[in-house]
1. Of the residues Thr317, Thr310, which single one is in contact with a strand residue (DSSP E or B) (Cβ under 6 Å, 6 or more places away or on another chain) and in the same structural domain as Val469 (by TED's automatic domain parsing)?
2. In this structure, is Gly218 within 24 Å of the chain's Cα centre (by Cα), under 30 Å from Asp440 (Cβ atoms) and exposed (fewer than 15 other Cβ atoms within 10 Å of the Cβ)?
3. Only one of these is over 16 Å from Met470 (Cα atoms) and in contact with an Asp or Glu (Cβ under 7 Å, 6 or more places away or on another chain): Arg397, Arg402, Arg447. Name it.
4. Is at least one residue of segment 21-28 more than 19 Å from Ala122 (Cα to Cα) and out of contact with any Ser or Thr (no Cβ under 7 Å at 6 or more places or on another chain)?
5. Looking at (1) touching a Pro at 6+ places or on another chain (Cβ under 6 Å); (2) free of Cβ contacts under 8 Å to residues at least 40 places away in the same chain, find the lone condition where Trp115 falls short.
6. For segment 307-330, what are the residues that are touching an Asp or Glu at 6+ places or on another chain (Cβ under 9 Å) and modelled with pLDDT under 95?
7. Tally the residues that are buried (at least 18 other Cβ atoms within 10 Å of the Cβ) and within 24 Å of Arg135 (Cα to Cα), restricting the search to segment 1-14.
8. So which residues in segment 41-53 are surrounded by fewer than 20 Cβ atoms within 10 Å (Cβ to Cβ) and either assigned to a loop (DSSP other than H, G, I, E, B) or assigned by TED's automatic domain parsing to the domain that holds Pro251 (or both)?
Amino acid sequence: MGPRATTGSGDIEGRTRGEVQLFASVPYAAPPTAERRFLAPAPHPGWRGVRSATRFGPAAPQLPSGGMTSRHEVHWNEDCLTLNIATPAVDEARRPVFFWIHGGAYQTGQGNIPWYSGSSFATRGDIVTVSINYRLGALGFADMSRFGPEYANSGANGLLDMVAALEWVRDNIAAFGGDPDRVTIGGESAGAFATCTLLTMPAADGLFHRAIAQSGAGHHTVTPDQAAAVGELLLTELGVSTLDEALAVEPRKILDAQVTVQAKIAVDQSLKDDLQLTTQPFYPVTGSVVPEAPHIAATKGAGRGVALMTGSNLHETTLFMLEQLDEAGVRRLVAEHSANVDEILDAYRSEGITEPHEMAVAISTDWSFRIPAVRMAEAREPTGAATWLYLFSWESRHRSLRSTHALEIPFTFNTLDAPGVDVFLGPGDVPYDLGELMHDSWIAFIRTGDPSTAATGPWPTYCHQGRQVMDFNHNTMLRSDPSGVTREAWANLR
């Protein structure tokens, strides 16, 4: 018999792996299927007897993205609102909890991949780790408010799923040896976007106490008008006009329509001009759930009581930028984001970045990841909120990847031996020392609210006077305002 625990919905039985007790695919909300599609999450009705929690369940509906981490079909189902728990023991120890939100552009991913294993957090940090699935793409973020007031917040359902999972943790995690009063949320990419959004959401207030945002900040939301237009495009593509028709469509058809809508927006200049989207079309929608973009809410003090550690990788966009741009292409790239093309290009040249493709990677990385992280820290500073900033600059042995997007994840989880990590690392010795150093900083932050360790030395919070950033590499060190010239060049980024 495996370890057992009692939740508000019923008893579950997990399994023991080494020194860690694992509970997989535990429901935290009712299945968002049939008439519950496009509605906010509701409590799970529960079950009788002991439910098996020994195997991971299906992911949220999604299509392969073509990226290195999600190029294959995954087993998915609309009944996907589940979470996974890794704990040192089912007891009354009340350990710190790390609540992990996977990335994938709000369109792909799942909480159970080996890179996100909580085993090392359990054994090395005496921490309980929770990873979740949440609704993705159109099923999680399409605006269906035209169908009635109960669908008013459908454009933020994926975020409301996260809130429901956090409420489940508040009410149940003590049964797994966790402390509901010491919860740290964290995520990477879209998971980091979500983390920063939850940080400023009234519905999530008090459900967590620290936050970690890896390669993502607070600039990624859609306005109600944009969401309404995108929702109409989706329904038109599906060929439906009534609620009953929308509920009857097979989920695979919704996924296909979602991709078609995104492609149309990408190539149709009139649609681009009308929508004025600065992000993907199926992203969280501002409204009563998300009152305003997180980086703006942060300037007004939202989330100031929650300590935040955030940062980015040095060459994030090598994972996506397969096309080699020439100088004209780089100029077009900058022009998409700023009217000060020559000023920005000169700033990168002054930092020794001159080759066109290298410059394109640096500019797109800064626009999408580094500068938003800096802006989030800057927004929080006047409110007295504590924020630590990091840079991950260790480079893959694959020259084309360098310090690419998502490469830091197995370092922070101490899962460098997990399947697929070697593809990112490239040939050579596995950098276990750096993995343990970063992992220990994450443990320290989760346990104490300060990421400083004996290995890093004192790591001060980020402020405009010193702009101290911890640079994780072979020689991890604290740096003052790294790439400050290019940071200043993006001063008007909002």
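The values are calculated or read from the model by the stated rules, or taken from the named source; none is laboratory data. Since we're looking at a predicted model, the values are computed, not measured. Cβ coordinates were reconstructed from backbone atoms using ideal geometry, including for glycine residues, and neighbour counts include every protein chain displayed.
1. Exactly one residue qualifies, and that residue is Thr310.
2. Spelling it out, it is not the case that Gly218 is within 24 Å of the chain's Cα centre (by Cα), under 30 Å from Asp440 (Cβ atoms) and exposed (fewer than 15 other Cβ atoms within 10 Å of the Cβ).
3. Arg402
4. Looking for residues that are more than 19 Å from Ala122 (Cα to Cα) and out of contact with any Ser or Thr (no Cβ under 7 Å at 6 or more places or on another chain), one finds none in segment 21-28, hence no.
5. (2)
6. Gly329, the sole residue that qualifies.
7. Of the residues in segment 1-14, 3 are buried (at least 18 other Cβ atoms within 10 Å of the Cβ) and within 24 Å of Arg135 (Cα to Cα).
8. Hits for segment 41-53 are Ala42, Pro43, Pro45, Gly46, Trp47, Arg48, Gly49.
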